[in-house]
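All of the numbers you see were taken from the coordinates with simple rules; none came from a lab. Keep in mind that this is a model prediction, so the values were computed, not measured. Cβ sites come from the backbone with ideal geometry, for glycine too, and all protein chains shown count toward neighbours.
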Amino acid sequence: NAGVTQTPKFRILKIGQSMTLQCTQDMNHNYMYWYRQDPGMGLKLIYYSVGAGITDKGEVPNGYNVSRSTTEDFPLRLELAAPSQTSVYFCASRQNTEAFFGQGTRLTVV
Amino acid sequence: AQSVTQLDSHVSVSEGTPVLLRCNYSSSYSPSLFWYVQHPNKGLQLLLKYTSAATLVKGINGFEAEFKKSETSFHLTKPSAHMSDAAEYFCVVTHVSPGGSYIPTFGRGTSLIVHP
């Protein structure tokens, strides 16, 4: 039981490039979330999903897209990377009350 | 609307002295409340959770928190700090979106510094 797995752990992008942050969970959880963490700001919700085929915007969705074709996977897409998207990204899944987090992806846009 | 306020951005203690990390929340219903810890360059680990059972919640590594509805608080305490407790701590409340979805909402975090 691996929990929530994020890949890659680190990535450097150039402005305007695109990439997909991968997130997969093996706990059969319905809820999945993407957050970004910036110093002193806590974690801000980007997108979330309540089940396969259903996604919704969080607090800071601009510049990102998601899809949820299966229960296990919830990839986050950056289409045109900008310096403001330099951050640490966390994926989480949840069933009942507790949320389980991945180890994070540190993204730098230069 | 639901929100979480962590009252201190930094808390500094000496090893062996008590720890108090403060958290206030606002919620229009009975909330689920959590404390998570994040060690440098690591992911988030659940310390403890309150889900409408006992108001005094015990967690891992000697931490505990008390839910006080009248004060809308969920402060985290530990009787004696250890050097390994130095980390970032997040208070989290799960709120319900207008569409009925459960959304964990984070405070800004409190950095705990432990001096030898």
Original post:
Long-range amide H contacts for A:Y47: which residues qualify at under 5 Å (H placed 1.01 Å from N, peptide plane, sequence gap of 5 or more or a different chain)?
Top reply: A:W34, A:G58
**OP:** Calculate the tail of P(r) for region B:46-112: the fraction of all Cα-Cα distances greater than 13 Å, expressed in %.
**Re:** 70
Subject >> Global geometry of region A:39-102, whether rounded, prolate or oblate, following the gyration tensor of its Cα atoms and the 1.5 cut on a/c >> reply: oblate
Subject >> Ellipsoid equivalent to region A:1-69 - semi-axes via the Cα gyration tensor, in Å >> reply: 20, 15, 14
Subject >> D_trans [Stokes-Einstein, Kirkwood Rh over alpha-carbon pairs] for chain B, 25 °C, 0.890 mPa s, µm² s⁻¹ >> reply: 171
Subject >> For region A:73-93 versus region B:1-26, the gap between their alpha-carbon centres in whole angstrom >> reply: 28
Original post:
What is the diffusion coefficient of the protein assembly as shown in µm²/s, taking the Kirkwood radius over Cα pairs and the Stokes-Einstein relation at 25 °C with a viscosity of 0.890 mPa s?
Top reply: 136
**OP:** Determine the sum of side-chain charges near B:T105: Lys and Arg each +1, Asp and Glu each -1, restricted to other residues whose C-beta is under 12 angstrom from that of B:T105.
**Re:** +1
Original post:
Where does the charge balance sit around A:N65 when Lys and Arg score +1, Asp and Glu -1, over other residues with C-beta under 12 Å from its C-beta?
Top reply: +2
Original post:
Sorted from largest down, what three extents in whole angstroms do the Cα atoms of region B:1-64 have along their principal axes?
Top reply: 37, 24, 24
Subject >> Under 27 Å from the Cα of A:K14 - lysines, other chains or at least 8 residues apart >> reply: A:K44, A:K57, B:K42
